[in-house]
Amino acid sequence: MKIVGKENVLTDSESLVCYSYDAVNRKFLPDAVVFPGTAQEIAEILRLANRMQFAVIPRGAGSGFTGGALAILSGVVLVTTRLNRIVEIDADNLTAIVEPGVLCGDFQNEVKKRGLFYPPDPSSLAFSSLGGNAAENAGGPHGLKYGVTRDYVTGLEVVLPTGEIITTGVRTMKGVVGYDITRLIVGSEGTLGIITKIYVRLIPKPEATRTLIAAFSSIEACSHTVSDIIRSGIIPAKLELIDQASIRCVSTYRPLNLPAGTEAVLLIELDGDPLTMKKQTDRIEELCRNREAFYIKQAQTDQEAETLWQIRQAISPALMQLKLTKINEDIVVPRSRIPDLFHRLEQIKKKFQLPVISFGHAGDGNLHVNVMYDKSRKGEPEKAERVVKELFQTVIELGGTISGEHGIGITKAAYLGMELTDTEIALMKRIKRAFDPNDILNPGKIFYGNPAEEY
Amino acid sequence: MEGKPNHNLTIESVDSLASEAAACVKCGRCLSVCPIYRETGREPQTARGKIALIEAAASGSLSEANINDILSCCLLCGACTEICPNMVPAYELIRKARTIFTSRRNSALAYKTFLSRILPFPQRLDRLYQAGKALEPLLLKKVPLESGLYYRLPRGREKSARIIPALAQQSFLDVRRKRSQPHHPGALLFIGCVANYILPGIAEAALALLEHLGIPVVIPPEQSCCGLMASGAGEIEAARQIARRTIDAFAGEESVPIVAFCSSCSAHLKQYPALFEDKSSRQKALAFSQRVKDLSELLVDAGLPAMKNFQAEEQVRFTFHDPCHLRRAQGIIMQPRELLRAIRGAEFVETGQENLCCGSGGSFDVSHYDLSLQIFRRRVRSIEEAGIDTVVTSCMGCLMQFQDGFHAMNKQQAVKHLAEVLKQALVE
């Protein structure tokens, strides 16, 4: 590969194996891996791909949950880790320019040093890249109060699948010139262009934060409290719900010191100025007690707050102890329908007799629902699939969406038609063709079902 | 594809590794702490990449040579293992995979010969040492010897500007052999290669500290290398032989603690049981390893900080660099700090980046010198930002990495071993 130099291309099978997976943990061997150093090099690679008809699959850190970085139809994996400069942090205009390989957590720390705040916080932030975050429109607990990646990206430099380099959007707070290509590309899962620069807006860092935990004797009471808090006009920075099955999993290897009879827990973080926060915490405690929360505790130190949030972070891996295969969905319902969702989940669990474990960003209606099954037991994988289908039907009936922050990729592609009409899907495919007439960039994703072939 | 599948290899062994590896769900969390990945952004260097490779190797047709290259690019620092949400033992898997895939490695033949034929036998090591002394003016000035001993010699391809510590005039154990030893020891001291042949002053300092506490110390004369280098390189048989010799050398005083002042040695001595599969060897190793203590651990247990008799000669600002083999492998974090904080007239400072590896990683600093130095630079930035004059550490690998790295970067900071610093500050 003359374009990027010999040292930036991998073709040996052993290295390719290391680029055959992402966080979906399925494996598709690419033909080559390239590490371009500039937008121009990426443009050249894409022009070559159009001439020679090979697929190009953009990859950041490979931490996505829907297979966006998988080379399902072979081709060249294009890794953005070399584009890792924070070009500029402008404290006067509260903006920054970053390259796609910068890690989300590193960027947050850099802006924090200047008294600024970049709120999107996917739980992978310590290793996921901003390019990947933008391509997947990543969310996180902060979504409730501060929105998701999309809400902070004001413009992009993008290499189109046909090899032209364009700049979208603005570097100002407002801008309405032409179609909003920025929003189209953010969340397009690497199918419409390769992001080479991201223009983001920042906000001032909140003065202080405060964390509290509340334990409930039923999931109904807990989920109604979520609706109560939102209705009361208080918007916490984070509002996370943890169900009894999750609590049980975590407590097997980490003492939680929760009272017996805890069926569900709310973890709440407020931020802002201390006086307002005091009033808000009092009000939230009152709302919790109205729903018969029998245990409410405020973290007194940063250390205590950290310990509480570790409970939340420990859930996803703790589920692995069940030694079951996990289908991790990230559905969203209107916040007022959270109690209905839990009611329906109970019915689904009873009907199919499979463990369904839920936790997540209840405050914005976004829940991680995990369907657990034993791959080796006959009929269980099919049963799990039926659970997922019924879950999605429920979510759509409740006015929700089947993915809040992970995207479609390959894992949810088979269900796309449950939420979108044929006309809508056809329009999206026409957009894809307009960008990428030869179907070079990340082919086979979003619209084409779940591929079976692995090596 | 070059190379062929290894037929000497029992399929079960790769398969059993692959089944241990199955708990890895490829979430990518290990990427956030891998010192090598943080510099290069290359997936094969991560635990996740290596685990995928182990899984793929179980199913067949990959090149041994390439697998070895990828497996060799790891510091065995254990950061991935510490952070893994599923508690996948990546450190162990990579070490074991090296054992399996190294069996047909034909590069670095001399290195392998050294590990398996010479290292386990102190007399042969001594003879080589004598030869090395004679050749030193010619040979050692040009050969990268920075962080280890002769097992780092015959590798040919590394030509670098490493500074090379001169060999001591006489090995520490040779000097001590001529002296009488106490009859009722309170501790048995393990010396290790670097102190024995290159930096005997550190062994003297450790000895002085123990004697200051009134502990009668015996230095078993038949001891040699701990075997960490052999184990890390996947030379499992050599590592076992060395372990057996060490266990024998320290036999006979069953209730007396064994103290090692190099934290990589103490970590490896504690891990001896994992080297053996048969029950009786394992139990013997367990009885041995349960007696092992890192020097910092023993000094704190024996109440040295409370004696309050340390005074710094000059006002210095120092920090403790945690060796991965102390912090992660042994979970010892507070003891060295407690000791250093007991020194009056010196200022102990944390850099806030205590989990960073120095980049030495056994023989990694020889096989991947540039990368090793790049990882070192990140650690140095944290040290400079904290305004440190002296870095204190307790692993010979880290110590020599800092010596060479500071030199290569033209820095004025010093590096010292914990035992040296304490000994110098001791008020008699």
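The values are calculated or read from the model by the stated rules, or taken from the named source; none is laboratory data. In this text, all values refer to a predicted model and were calculated from it rather than measured experimentally. Ideal geometry is used to build each Cβ from the backbone, glycine not excepted, and the neighbour counts take in all protein chains shown.
What the table shows:
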read-out	value
Selection count, region A:400-455, where residues are assigned to a loop (DSSP other than H, G, I, E, B) and either in contact (Cβ under 8 Å) with a residue 40 or more places away in the chain or more than 17 Å from A:A69 (Cβ to Cβ) (or both)	31
Filtered residue count, region B:354-372, keeping only those that are surrounded by fewer than 17 Cβ atoms within 10 Å (Cβ to Cβ) and not in a helix (DSSP H, G or I)	2
Filter pass, B:I383 being closer than 26 Å to B:A206 by Cα, of a type in the set (V, I, T) and part of a helix (DSSP H, G or I)	yes
Number of the condition not met by A:I195 [criteria: (1) touching a helix residue (DSSP H, G or I) at 6+ places or on another chain (Cβ under 7 Å); (2) in contact (Cβ under 8 Å) with a residue 40 or more places away in the chain; (3) under 20 Å from A:D330 (Cα atoms)]	(3)
Qualifying residue in region A:154-169 (condition: more than 28 Å from A:L345 (Cβ to Cβ) and modelled with pLDDT under 95)	yes
Checklist (1) touching an Asp or Glu at 6+ places or on another chain (Cβ under 6 Å); (2) surrounded by 19 or more Cβ atoms within 10 Å (Cβ to Cβ) applied to B:I242, failing item	(1)
Tally, over region A:91-107, of residues that are closer than 15 Å to B:G28 by Cα and among the aromatic types (F, W, Y)	0
The listed residue being under 18 Å from the mean Cα position of the chain (by Cα), closer than 18 Å to B:I332 by Cβ and among the charged types (D, E, K, R), out of B:E350, B:E354	B:E354
Filtered residue count, region A:122-147, keeping only those that are within 24 Å of A:L270 (Cβ to Cβ), within 14 Å of another protein chain (Cβ to nearest Cβ) and of a type outside the set (G, A, S)	2
Residue that is more than 14 Å from every other protein chain (Cβ to nearest Cβ), in contact with a strand residue (DSSP E or B) (Cβ under 7 Å, 6 or more places away or on another chain) and crowded, with 22+ Cβ neighbours inside 10 Å, where the choices are A:T168, A:T182	A:T168
Residue check for A:I268: touching a Gly at 6+ places or on another chain (Cβ under 9 Å), buried (at least 20 other Cβ atoms within 10 Å of the Cβ), touching a residue at least 40 places away in the same chain (Cβ under 8 Å) and away from every other protein chain (no Cβ under 14 Å)	yes
Conditions (1) crowded, with 22+ Cβ neighbours inside 10 Å; (2) not in a strand (DSSP E or B): number failed by A:K145	(1)
Output for region B:218-239, where each listed residue is free of Cβ contacts under 8 Å to residues at least 40 places away in the same chain, outside any helix (DSSP H, G or I) and buried (at least 20 other Cβ atoms within 10 Å of the Cβ)	B:P220
Selection count, region A:23-48, where residues are assigned to a loop (DSSP other than H, G, I, E, B) and closer than 17 Å to A:K197 by Cβ	3
Subset of region A:49-74 (residues that are buried (at least 20 other Cβ atoms within 10 Å of the Cβ), more than 12 Å from every other protein chain (Cβ to nearest Cβ) and either in contact with a strand residue (DSSP E or B) (Cβ under 6 Å, 6 or more places away or on another chain) or assigned to a helix (DSSP H, G or I) (or both))	A:A49, A:V56, A:I57, A:P58, A:A71
Identity of the residue in region B:68-91, assigned to a helix (DSSP H, G or I) and either at pLDDT below 90 or more than 20 Å from B:F364 (Cβ to Cβ) (or both), that ends up farthest from the other protein chains (Cβ to nearest Cβ)	B:Y91
Residue within region A:418-437 that is touching a strand residue (DSSP E or B) at 6+ places or on another chain (Cβ under 7 Å) and not aromatic (F, W, Y) present	yes
Residue check, A:E88 surrounded by fewer than 24 Cβ atoms within 10 Å (Cβ to Cβ) and part of a strand (DSSP E or B)	yes
Qualifying position, being in contact (Cβ under 8 Å) with a residue 60 or more places away in the chain and either within 24 Å of A:V98 (Cβ to Cβ) or surrounded by 18 or more Cβ atoms within 10 Å (Cβ to Cβ) (or both), among A:G155, A:G190	A:G190
Output for region A:101-126, where each listed residue is crowded, with 24+ Cβ neighbours inside 10 Å, in a loop (DSSP other than H, G, I, E, B) and under 16 Å from the mean Cα position of the chain (by Cα)	A:Y118, A:P120, A:P122, A:S124
Set B:P120, B:P144, B:P182: member being in contact with a helix residue (DSSP H, G or I) (Cβ under 7 Å, 6 or more places away or on another chain), outside any helix (DSSP H, G or I) and either at pLDDT 65 or above or more than 19 Å from B:G361 (Cα to Cα) (or both)	B:P120
Selected residue [within 27 Å of B:C84 (Cα to Cα), part of a helix (DSSP H, G or I) and among the β-branched types (V, I, T)] from B:I332, B:I375	B:I375
Any hit, region B:392-407, residues being in a strand (DSSP E or B), crowded, with 23+ Cβ neighbours inside 10 Å and at pLDDT 95 or above	yes
Any hit, region A:89-104, residues being of a type outside the set (S, T, Y), over 20 Å from A:G187 (Cα atoms) and within 13 Å of chain B (Cβ to nearest Cβ)	no
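Residue-wise test of (1) in contact with a helix residue (DSSP H, G or I) (Cβ under 9 Å, 6 or more places away or on another chain); (2) facing chain A (nearest Cβ under 7 Å); (3) surrounded by 21 or more Cβ atoms within 10 Å (Cβ to Cβ).
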{"residue": "B:R29", "(1), (2), (3)": "yes, yes, yes"}
{"residue": "B:C34", "(1), (2), (3)": "yes, no, yes"}
{"residue": "B:E39", "(1), (2), (3)": "yes, no, no"}
{"residue": "B:E43", "(1), (2), (3)": "yes, yes, yes"}
{"residue": "B:A47", "(1), (2), (3)": "yes, no, yes"}
{"residue": "B:A56", "(1), (2), (3)": "yes, yes, yes"}
{"residue": "B:S59", "(1), (2), (3)": "yes, no, no"}
{"residue": "B:N66", "(1), (2), (3)": "yes, yes, no"}
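Yes/no matrix, rows are residues, columns are (1) at pLDDT 95 or above; (2) surrounded by 22 or more Cβ atoms within 10 Å (Cβ to Cβ); (3) closer than 23 Å to A:E136 by Cβ:
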residue	(1), (2), (3)
A:A362	no, yes, yes
A:R377	no, no, no
A:A384	no, yes, no
A:V395	yes, yes, yes
A:T401	yes, no, yes
A:E405	no, yes, yes
A:M418	no, no, yes
A:A434	yes, no, yes
A:Y448	no, no, yes
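One line per residue, one yes/no per condition, for (1) touching a residue at least 40 places away in the same chain (Cβ under 8 Å); (2) under 17 Å from A:V388 (Cβ atoms):
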residue	(1), (2)
A:K278	no, no
A:R283	yes, no
A:A299	yes, no
A:K326	yes, yes
A:P334	yes, no
A:K349	no, yes
A:S358	yes, yes
A:H361	yes, no
A:H368	yes, yes
